[in-house]
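Throughout, read-outs are computed from the coordinates displayed, never taken from laboratory work. This structure is a prediction, so every number in the text was calculated from the model and none was measured. Cβ: placed from backbone, ideal geometry, glycine included. Neighbour counts: every protein chain shown.
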């Protein structure tokens, strides 16, 4: 293992030296496009990157809800003492090109992962694959002086994995918030840096996760693969909605997250459709959330129609894995049907009818930061423009075919049209439940005593990821 890892580091250094010398590796990407391969680790999407000089290999989570990229510092207590819980650690003193921002620069803070640290900049290599025989340069993108956070203090969830953040610049953790809700970003995050350093013509990208069981998907910076969706792309606006502890819930001048308006949810089995609820509230359609989170007033009637068995105070659910139906989401008049199989996480348990039990990758969340999550993203092809604050979506088409187009400099998208309700995206908090007493399936309980509590940790505690 040690000799293999040393070989990887030496090859990474050679790749960086080639990039510094004006070469982009053996397979140079088309001008204006940059493809990033995503690895599917049982529903956890990661990417290989290398940081510093010499390059240090990292496997990081990919997160559209995070505007900051960050790496786990060797100074983090949980990673510097036995037993170590961090798979990859960035050794700060080993990089000759690491630059720490002065004390006047805001500290790095991750509320989701419960740690703090410093902002710094260094060289970052993207577009590498780690294979059994070493590192392969997949097109390759060498970003210089790239700003990121260093997790140096704190404990808890998130301290074991670095993150490649693909969020909007306005959502940076060091952003300055004005009294009127306007925000002032401090630095160019990774998607903006991809444009500013000449890899793409526009700060935009599309996401294709492929099927639940596929090993890889991709993020395509600066372009759209027209072969990967059915019909036409529909443009929906990102809503100017933010939740801030000091401001309360209010509109802000520019979006801080990839939130769109959810107008309705229904359930279909191919023969009939049952409306569950109509609403006009903001939901995030970002990659990086394994679960779909929605308010109880939506999840409970949805669970009733689908015949889901509650395992914890009607917050989390299980169901027979072989059930066939789709949850249909209406986003500004664009309907995306997500098969129930996209929400099925297989458990080591059976239902009382003897069928295999699956956890529902959907849960109740009280606060209004609701998210459609990765199950939705797998069922849709999504293109986001970080300059015009819009998204273009269509039902996904799983295929090995490709028809890639570079994003136009002015942001226009060939063949795309505004969603039917593009100009009617007014946010309200009201939810009109229309499900009634209709049910598609009978409720079948899980055969376990006591009942399992299906939480994020229970579902994924057995998943071993971020390993060489």
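Observations on the model:
- Pairwise centroid distance, computed over Cα atoms, of segment 34-53 with segment 255-319, Å: 28 Å
- Sorted by Cβ density within 10 Å, fewest first, the residues 323, 202: 323, 202
- Sorting 172, 342, 387, 324 from the fewest to the most surrounding beta carbons within 10 angstrom yields 324, 387, 342, 172.
- Extension gain for residue 432 to residue 99 (0.36 nm times residue separation, less C-alpha to C-alpha distance): 114.6 nm.
- Likely footprinting exposure, 374, 322, fewest C-beta neighbours within 10 Å first: 322, 374
- Residue 366/residue 387 FRET efficiency (R0 35 Å; Cβ-Cβ; nearest 0.05): 0.55
- Using R0 = 51 Å, the C-beta based FRET efficiency linking residue 268 and residue 144 works out to 0.55.
- Estimated FRET transfer efficiency (residue 215, residue 412; beta-carbon r; R0 45 Å; 0.05): 0.85
- Placing a pseudo-label 7 Å from each Cα along the Cα-to-Cβ vector at residue 254 and residue 42 gives an inter-label distance of 4.0 nm.
- Subtracting the Cα-Cα distance of residue 349 and residue 404 from their residue separation scaled by 0.36 nm leaves 15.5 nm.
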